[in-house]
Amino acid sequence: MKQLQILIIAIFSLMSTACKAAEPEKTPEAPANVPTPVFSNLSINTNKSAYKPGDVVSFSMHIPALATDTKVRYKHLNTVIDEETITTGNWTWKTPANDYTGYVAEVYSLTNNVETIYATIGIDVSSDWKKFPRYGFLSKFGSVSDNDMNAIISNLNRYHINGIQFYDWQNKHHIPLPLNGTTPLASWKDIGNRDIYFSTVEKYIAAAHTYNMKAMFYDLVYGAWNNADADGVKKEWYIYTDNTHSNIDLFALNSPFISNLYFLDPGNTEWQNYMKESVKSVYKYLSFDGYHMDQVGDRGTRYKYDGSFENLATSFKPYIDAIKTAAPEKYNVMNAVAQYGQPGIATSTSDFLYSEVWSPSDSYNDLVNIIKQNNTLSNNTKNTVLAAYMNYDRANNVGYFNTPSILMANAVIFAFGGDHLELGEHMLCKEYFPNNNLTMKDDLKQALVNYYDFLVAYQNLLRDGGTFNTVGITSTDSKMSVSAWPAAQGKVAVVGKKYDTTQVIHFINFSNSTTQQWRDKDGIQVMPALIKDARLLLTTDKTVRKMWIATPDVAGGASRSLNFAQSGNKVSFILPELRYWDMVVVEY
């Protein structure tokens, strides 16, 4: 009888266990987050665009009066590494010894447990700019006052631009710097018949160096002007449209341009040697830091002088590598127009990758595909700069940039580790850089400051390794509809990137977007609707130690801890707010 009782108890125990196992796992309830700090968004600056390890940063902040308890904390990602009280709007900080590291300085005070953040600014500690290039441009080298030059470079410094492309500064493309004997001319004409002053170029280089920016001289890798034979350019070096060397390949240019552009074979060693001497001459008289090499894309079927087929796409690598031997200490980067020739460029001595984006790469997803392709081609050793011209058709007339267009494109480019060539004396809207038909409104100017601060502060998560992955994220309320990248109109796109003990999750808000075309040529994109306190569920097989959030759209990009609840492989949390782009970081 006792054995029967034991058997019955055992059966009931097994049934109970089976019933419990069959019960669905309950979703843990995330506790509310700490309130978002008050953000004053005061003006703050640093004296350099980037610093070497151990350098001293000088800060200046315009503030009417500092509260007695005002402090500044220096953070790497979400970890405070240093903190001090400040009593003036000018102070200094010695950077740590770690190289290639992004930091953020947050000026704040705490009153009655309410935090006020007055200002934030990113700090790039990198001994070499090619690791995290943030590329700007200059395009006007006529009579520019010292005050105007300094104002332009100072403005670029606030966006942490660490390299500047000097666009169309040169005279003849085959002899960029004209000389009278051994003396540079005081002025010359560029191909667009504009006056260029040697002193302006020289002063701009010096001003850039004051802010630790690199100055890169622009030139084609295969361009010559009319009558270049008088300058020693041989007919055997040109590219031809026929196999009998009867017709040189060229761009026919009309007034105001003062010459056609004739194309040469970049793989021709005699042409390479000719250009080596031109490049050495530039470096002899001007303290440029490198050569920004340009091309014009796929020319179709072309021929060499001997009638053989010209494989132009494969000719760029030997040209880049040859120029490197002429000035090994200088930087080189080459434009891959619509990715033409990028496989060879990526394996050359080019210091980072630069892609000028054209159709059919018209969607946000196409921008991402270019960045990922460049990562693969360079074996993840070179970061990408995209020359992507915004509001292109709107720029046919005078007007303003569409702010949501710019911020949405930058959210996508930055989230995937790229940089956007867009800032100079004005913002770029056309491939001819002097075009300044469109102007930034004040809201865009300020928002871009926050976006570039964000790009610098979190560069070690955005542009420093990691592997893109798909993250199990679901919405547990009706506030947002999420879907894994690629982007889809009407959805919040989710992008994952994993590191050893960290999972990065980007949320990019296309919930009410009017177009998926990144260029937004007519400027019709609208500001994304603000999503607040959305409840989300993360599925992970790891134990979460910490979660935090940062966004360039709130509190100047300052990071904030997130509350969460984990039960088994389910982690619930509340996304405080989403405008364009949020970055949530999960630490295991």
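Is it the case that TYR108 is touching a residue at least 40 places away in the same chain (Cβ under 8 Å) and out of contact with any Gly (no Cβ under 8 Å at 6 or more places or on another chain)?
Yes.
Is segment 365-372 home to any residue that is modelled with pLDDT of 95 or more, more than 19 Å from the chain's Cα centre (by Cα), buried (at least 23 other Cβ atoms within 10 Å of the Cβ) and closer than 29 Å to LEU264 by Cα?
Scanning segment 365-372 turns up no residue that is modelled with pLDDT of 95 or more, more than 19 Å from the chain's Cα centre (by Cα), buried (at least 23 other Cβ atoms within 10 Å of the Cβ) and closer than 29 Å to LEU264 by Cα.
Take segment 484-506 and flag every residue that is over 22 Å from the mean Cα position of the chain (by Cα) and surrounded by 15 or more Cβ atoms within 10 Å (Cβ to Cβ).
ALA484, ALA488, LYS491, THR502
Condition first: in contact with a Lys or Arg (Cβ under 8 Å, 6 or more places away or on another chain) and part of a helix (DSSP H, G or I). Now tell me which residues in segment 412-451 satisfy that.
VAL449
Exactly one of (1) over 25 Å from the mean Cα position of the chain (by Cα); (2) surrounded by fewer than 19 Cβ atoms within 10 Å (Cβ to Cβ) is unmet by GLU329. Its number?
GLU329 satisfies all of (1) over 25 Å from the mean Cα position of the chain (by Cα); (2) surrounded by fewer than 19 Cβ atoms within 10 Å (Cβ to Cβ) except (1).
Name the residue, out of MET527, MET547, that is outside the structural domain of TYR392 (by TED's automatic domain parsing), more than 16 Å from SER478 (Cα to Cα), not aromatic (Phe, Trp, Tyr) and not in a loop (DSSP other than H, G, I, E, B).
Matching residue, one of MET527, MET547: MET547.
Could you tell me which of the residues ASP522, ASP541, ASP553 is of a type in the set (Asp, Glu) and within 27 Å of ALA457 (Cβ to Cβ)?
ASP553
For segment 390-405: of the residues being within 16 Å of TRP358 (Cβ to Cβ) and surrounded by 22 or more Cβ atoms within 10 Å (Cβ to Cβ), which is nearest to the chain's Cα centre (by Cα)?
MET390
Any chance segment 290-309 includes a residue that's touching a Lys or Arg at 6+ places or on another chain (Cβ under 7 Å), surrounded by fewer than 20 Cβ atoms within 10 Å (Cβ to Cβ) and free of Cβ contacts under 8 Å to residues at least 60 places away in the same chain?
Within segment 290-309, not a single residue is touching a Lys or Arg at 6+ places or on another chain (Cβ under 7 Å), surrounded by fewer than 20 Cβ atoms within 10 Å (Cβ to Cβ) and free of Cβ contacts under 8 Å to residues at least 60 places away in the same chain.
Could you list, in sequence order, the residues of segment 462-484 that are among the polar types (S, T, N, Q), touching a strand residue (DSSP E or B) at 6+ places or on another chain (Cβ under 6 Å) and free of Cβ contacts under 8 Å to residues at least 40 places away in the same chain?
Within segment 462-484, THR467, ASN469, THR470 qualify.
If THR244 meets every condition in (1) assigned to a loop (DSSP other than H, G, I, E, B); (2) surrounded by 13 or more Cβ atoms within 10 Å (Cβ to Cβ) apart from one, which number is that one?
(2)
Show me the strands (runs of 3 or more DSSP E) entirely contained within segment 35-121 in which 2 or more residues are surrounded by fewer than 19 Cβ atoms within 10 Å (Cβ to Cβ).
Correct list: 56-61, 71-76, 79-85, 90-94, 101-111.
The values are calculated or read from the model by the stated rules, or taken from the named source; none is laboratory data. Computed from a predicted structure; not experimentally measured. When we count neighbours, we look across all protein chains shown, and the Cβ atoms used for this are built from the backbone with ideal geometry, even at glycine.
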